[in-house]
Amino acid sequence: MLKYGQHQIIKQILTPQQIQYIKLLQVPVVQLEQKIKEELEQNLFLEEGLEPSVEEMLDLELEENADLSETIKQELDEQYEETTQDKLPKPEEEFTIEDFLKTQEDSELAPKQKDIIGEDDEDELPWQPPAVESLYDKLLQQFMQIAESDKEKRIAEEILGNIDDDGYLTRKVEEIAEDLRLGERMEVTVGEVENVLKKIQRLDPPGIGARNLIECLLVQLEVGDFPEDKKKLAMRILNEAYNDFKNKRYNELMKKFGISEQKLKEVIQIIQRLNPKPGEGRSVIQEYIVPDFIVERIGDEFVITLNEKNIPMIRLNRAYYNLFKKQKKLDQELREEIKKQFTRAKWFIASIYQRRETLLRIMKAIVDLQREFFETGEGLKPMLYKDVAEKAGVDISTISRAVNQKYVQTDFGIYKLKELFSEKINTVDGSEISTKEIKERIKEIIAQEDPRKPLTDDEIAEILKRQGLNIARRTIAKYRDQLGIPPARLRKRIE
């Protein structure tokens with residue numbers, strides 16, 4: 001039986017202007033420049049030029065013109081008046097949190113619009129990485145020099161198109177042969193695909209296109225310049241006793257192959273010099289870190305600035321407004337488009353100002369809370385998003401967005417903002433220590449251990465306990481994993 005009645009529901013609403021501000025708050029400085037350039041290209045009411053002060057922007061007056069359609073003139077003037085009174089224009093539509101998240105997903109999946117940048121603009125973008133040849137192009141160019149037929153070239157193209165960023169083949173040779181037979185009516189056998197694959201694996205970097213780690217390492221051993229006896233022994237170890245090698249069961253290896261500890265050590269050193277990911281870094285443009293904030297200490301004070309050297313200054317374009325004023329007749333569609341563009345331009349400028357003010361306020365709160373770190377480069381204290389939110393007077397979600405993908409330049413180097421945050425653990429004497437400090441101590445303890453007898457997590461916990469830190473073994477294991485340090489049995493080495 002259906003029940004009818006009224007229900008009161010509390011629902012958080014985001015206006016289009018709030019969504020625009022949130023998106024701008026999240027992006028780092030290098031992406032902000034791109035977004036501003038895109039907006040300049042798309043919106044007639046925006047232009048690049050000397051940025052007016054907030055008062056000048058809000059007090060901007062429009063000239064009277066009797067030729068302008070009274071309807072559009074009144075709508076534009078009303079919006080300027082609302083801006084002058086520092087009021088938000090009433091949104092034509094509202095978005096929920098779910099709509100915003102969907103918008104974010106769509107924007108991330110959609111292809112990014114390429115900037116239209118002139119030669120002069122490129123010169124002003126020192127952060128822009130140089131164009132590099134892709135791994136696919138590099139390998140294909142090499143293969144063309146040794147290909148015996150057009151058929152081999154086509155097979156090579158299909159194989160190279162199925163190699164991932166680490167350099168491994170992601171499809172079976174049987175599937176590649178089948179794809180060529182069905183898709184291109186090519187008479188090709190699995191053996192022919194295997195033959196081309198072997199040639200590709202011996203290109204530069206060697207091991208590329210391998211189907212697993214063992215094959216990758218074996219190819220590198222085969223083409224590498226190593227002593228023949230050690231090369232053969234290394235290949236035997238990988239082929240016949242890979243599990244013992246992986247788990248560092250050195251006694252079993254020495255017994256199985258009848259070799260001395262010194263001989264095993266020399267062979268292991270050869271294997272460790274091989275590249276387990278031959279494609280890594282070959283097809284990715286080098287990342288240039290551009291700090292979003294610059295914190296300088298002058299005397300006893302800190303000067304915090306946003307790194308906006310390459311950010312274009314924008315303002316409302318009155319020339320286009322005056323152009324529209326001269327039009328005697330404007331149809332409904334054009335009038336709505338002008339309203340939309342004008343509102344978007346005004347709120348884009350306002351969002352840039354708001355983004356700047358919020359980021360500076362948050363960075364100041366971080367510096368205040370981590371003053372010792374910014375003074376000496378050491379002594380990072382426990383700090384949560386909640387702590388910064390309370391000091392800066394903003395919501396925790398704002399902190400999360402503001403520190404995302406952003407860096408700060410200090411007198412001691414460039415740091416990712418998220419690295420300045422950590423939870424706290426109480427010591428035996430009642431003082432607090434950050435989890436980052438504990439991780440550093442774990443790294444130091446492991447660095448000083450005997451490689452023949454690596455410390456277990458229980459032993460590390462015992463050492464920390466003697467230092468006044470009661471940390472559970474499972475917590476040690478978690479921090480060790482986060483540091484990328486393997487367990488004791490995999491850290492064992494032959495010295």
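The values are calculated or read from the model by the stated rules, or taken from the named source; none is laboratory data. These figures come from a predicted structure and were not determined experimentally. Here Cβ is always computed from backbone atoms with ideal geometry, including for glycine, and neighbour counts include all displayed protein chains.
Is it true that some residue in segment 427-449 is modelled with pLDDT of 85 or more and in contact with a Ser or Thr (Cβ under 8 Å, 6 or more places away or on another chain)?
Taking every residue of segment 427-449 in turn, none turns out to be modelled with pLDDT of 85 or more and in contact with a Ser or Thr (Cβ under 8 Å, 6 or more places away or on another chain).
Looking at segment 206-230, which of its residues are in contact (Cβ under 8 Å) with a residue 12 or more places away in the chain and farther than 30 Å from Tyr136 by Cβ?
Lys230
Report, by residue number, each residue of segment 309-334 that is modelled with pLDDT under 75 and either under 34 Å from the mean Cα position of the chain (by Cα) or buried (at least 18 other Cβ atoms within 10 Å of the Cβ) (or both).
The answer is Tyr320, Tyr321, Phe324, Lys325.
When segment 237-247 is examined, which residues are found to be exposed (fewer than 13 other Cβ atoms within 10 Å of the Cβ) and in contact with a helix residue (DSSP H, G or I) (Cβ under 7 Å, 6 or more places away or on another chain)?
Asn247
Taking the criterion of being within 30 Å of Arg355 (Cα to Cα) and either in a helix (DSSP H, G or I) or out of contact with any Gly (no Cβ under 6 Å at 6 or more places or on another chain) (or both), would at least one residue in segment 434-446 satisfy it? Talk me through it step by step, then tell me what you get.
Restricting attention to segment 434-446, the residues satisfying the condition of being within 30 Å of Arg355 (Cα to Cα) are 434, 436.
If we keep only those that are either in a helix (DSSP H, G or I) or out of contact with any Gly (no Cβ under 6 Å at 6 or more places or on another chain) (or both) as well, we get 434, 436.
The answer is yes, given that some residue of segment 434-446 is within 30 Å of Arg355 (Cα to Cα) and either in a helix (DSSP H, G or I) or out of contact with any Gly (no Cβ under 6 Å at 6 or more places or on another chain) (or both).
For the subset of segment 289-301 comprising residues that are in contact (Cβ under 8 Å) with a residue 24 or more places away in the chain and part of a loop (DSSP other than H, G, I, E, B), which member is nearest to Asp411 (Cα to Cα)? So that I can check it myself, show each step before the final result.
Within segment 289-301, the subset in contact (Cβ under 8 Å) with a residue 24 or more places away in the chain is 289-297.
Those still in the list that are part of a loop (DSSP other than H, G, I, E, B) too: 289-292.
Working: Ile289: 16, Val290: 15, Pro291: 13, Asp292: 15 Å.
Only one residue tops the list, namely Pro291.
Each row is one residue, and each column tells you yes or no for (1) more than 20 Å from Cys216 (Cβ to Cβ); (2) modelled with pLDDT under 90; (3) assigned by TED's automatic domain parsing to the domain that holds Val219.
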| site | (1), (2), (3) |
| --- | --- |
| Ile237 | no, no, yes |
| Glu240 | no, no, yes |
| Lys246 | no, yes, yes |
| Glu252 | yes, no, yes |
| Lys255 | yes, no, yes |
| Gln262 | yes, no, yes |
| Glu266 | yes, no, yes |
| Glu280 | no, yes, no |
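Which count do you get for residues in segment 248-265 that are within 20 Å of Arg489 (Cα to Cα), within 44 Å of the chain's Cα centre (by Cα) and surrounded by 14 or more Cβ atoms within 10 Å (Cβ to Cβ)?
Counting residues in segment 248-265 that are within 20 Å of Arg489 (Cα to Cα), within 44 Å of the chain's Cα centre (by Cα) and surrounded by 14 or more Cβ atoms within 10 Å (Cβ to Cβ) gives 7.
Inspect segment 355-372 for any residue being of a type outside the set (Gly, Ala, Ser) and within 23 Å of Gln42 (Cα to Cα) and give the result as yes or no.
If we filter segment 355-372 for residues that are of a type outside the set (Gly, Ala, Ser), which is where we start, we get 355-364, 366-372.
From what's left, within 23 Å of Gln42 (Cα to Cα): 355-356.
The answer is yes; a qualifying residue exists.
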